[in-house]
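Down below is the structure, laid out as structure tokens.
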Amino acid sequence: MMADEQKILRLMKTARGQMDGIIRMVEENRYCIDISQQVMATEAILNRVNREILAAHLKHCVQEAASATERGEKIDEFVKALERILT
């Protein structure tokens, strides 16, 4: 992975902490809207992680592909990842 590993790990650990908090909120039967807001905040962090990883893929993996065929394959992988995100 070419993304900033420390940044990705920090964000992932933050998301994990938020997930633990959400689990506690559900167990404590907290207010639905409060739980939903925390879920959205966690999703935002995970989306940021994914953007960082995909940006690094474009900047490094695709750009450094040795041949036009390999670049085409990397771009196809990227497009498929975007399709999964956007559907």
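The values are calculated or read from the model by the stated rules, or taken from the named source; none is laboratory data. Predicted, not measured: the structure shown is a model, and the values here were computed from it. In this analysis, Cβ positions are derived from the backbone assuming ideal geometry, glycine residues included, and neighbour counts consider all displayed protein chains.
Against the definition (under 12 Å from the mean Cα position of the chain (by Cα) and either modelled with pLDDT of 90 or more or on the phi > 0 side of the Ramachandran plot (or both)), how does ASN29 come out, yes or no?
Working: under 12 Å from the mean Cα position of the chain (by Cα): no; either modelled with pLDDT of 90 or more or on the phi > 0 side of the Ramachandran plot (or both): yes.
No: the conditions fail for ASN29.
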Some residue of the stretch 4-16 being among the acidic types (Asp, Glu), assigned to a helix (DSSP H, G or I) and surrounded by fewer than 15 Cβ atoms within 10 Å (Cβ to Cβ): yes
Selection from the stretch 22-37 of residues that are farther than 27 Å from LEU86 by Cβ and surrounded by 15 or more Cβ atoms within 10 Å (Cβ to Cβ): MET25
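Only residues that are touching a residue at least 40 places away in the same chain (Cβ under 8 Å), touching a helix residue (DSSP H, G or I) at 6+ places or on another chain (Cβ under 9 Å) and hydrophobic (A, V, I, L, M, F, W, C): list them for the stretch 29-55, please.
We begin by selecting, within the stretch 29-55, every residue touching a residue at least 40 places away in the same chain (Cβ under 8 Å); these are 49, 52-53, 55.
Checking the rest, the ones that are also touching a helix residue (DSSP H, G or I) at 6+ places or on another chain (Cβ under 9 Å) come to 49, 52-53.
The answer is VAL49, ILE53.
Can you tell me which residue is surrounded by the fewest Cβ atoms within 10 Å (Cβ to Cβ) among those in the stretch 51-76 that are charged (D, E, K, R) and over 26 Å from ARG10 (Cβ atoms)? Give the derivation first.
The initial filter retains those residues of the stretch 51-76 that are charged (D, E, K, R), namely 51-52, 59, 64, 70-71, 73-74, 76.
Okay, now just the ones that are also over 26 Å from ARG10 (Cβ atoms), so 70-71, 73-74, 76.
Numbers: GLU70: 13, ARG71: 15, GLU73: 13, LYS74: 18, ASP76: 10.
By that ranking, first place goes to ASP76.
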Residues within the stretch 1-41 that are within 25 Å of ILE53 (Cα to Cα) and either touching a His at 6+ places or on another chain (Cβ under 6 Å) or among the charged types (D, E, K, R) (or both), tallied: 8
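Per-residue answers, yes or no, for (1) out of contact with any Leu (no Cβ under 8 Å at 6 or more places or on another chain); (2) part of a loop (DSSP other than H, G, I, E, B); (3) within 25 Å of ASP4 (Cβ to Cβ); (4) small (Gly, Ala, Ser):
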{"site": "ARG24", "(1), (2), (3), (4)": "yes, no, no, no"}
{"site": "ARG30", "(1), (2), (3), (4)": "yes, yes, no, no"}
{"site": "GLU43", "(1), (2), (3), (4)": "yes, no, yes, no"}
{"site": "LYS59", "(1), (2), (3), (4)": "yes, no, yes, no"}
Residue match in the stretch 38-50 (condition: exposed (fewer than 11 other Cβ atoms within 10 Å of the Cβ) and within 19 Å of the chain's Cα centre (by Cα)): yes
